[in-house]
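I have placed the structure first, in the form of structure tokens, so that the comments after it can refer back to it.
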Amino acid sequence: MATRRGGSWQRTALHVDGKGQATCTTYPDRTPVLALGAGNSIVSVCLHADKVTAESVDFARELAKAAQVFAVEIERRWRGLSPVNNQEAQA
């Protein structure tokens, strides 16, 4: 995980049994909201509602890259292949 630089903080674990959901809701007048759900739990990820910065774009790209690594690792394990990398993916 990237080094914390102050500002926002929280660590939440969402254990998914394979029946989870991931959605991205877009709005015409604010930033999108990414929601991850499992059972009766939902974790939402959002940025400042009306302020997008270069750091916002960097974070979104980092999030997409980590999600891609996650998907590849899950598929490899499902197919019985060894993991590509056991380290945290860094953007």
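The values are calculated or read from the model by the stated rules, or taken from the named source; none is laboratory data. Predicted, not measured: the structure shown is a model, and the values here were computed from it. Cβ placement follows ideal geometry from the backbone for every residue including glycine, while neighbour counts extend to all protein chains displayed.
Take the residues of segment 10-45 that are over 18 Å from R61 (Cβ atoms), surrounded by fewer than 10 Cβ atoms within 10 Å (Cβ to Cβ) and within 15 Å of the chain's Cα centre (by Cα): which is modelled with the lowest pLDDT?
The qualifying residue modelled with the lowest pLDDT is Q10.
Report every pair of residues separated by at least 6 positions or lying on different chains whose Cβ atoms are under 8 Å apart, first residue within segment 6-21 and in contact (Cβ under 8 Å) with a residue 60 or more places away in the chain, second assigned to a strand (DSSP E or B) and surrounded by fewer than 10 Cβ atoms within 10 Å (Cβ to Cβ).
none
Select from segment 46-76 the residues that are charged (D, E, K, R), in a helix (DSSP H, G or I) and over 11 Å from the mean Cα position of the chain (by Cα) and write down the one among them that is nearest to S8 (Cα to Cα).
E55
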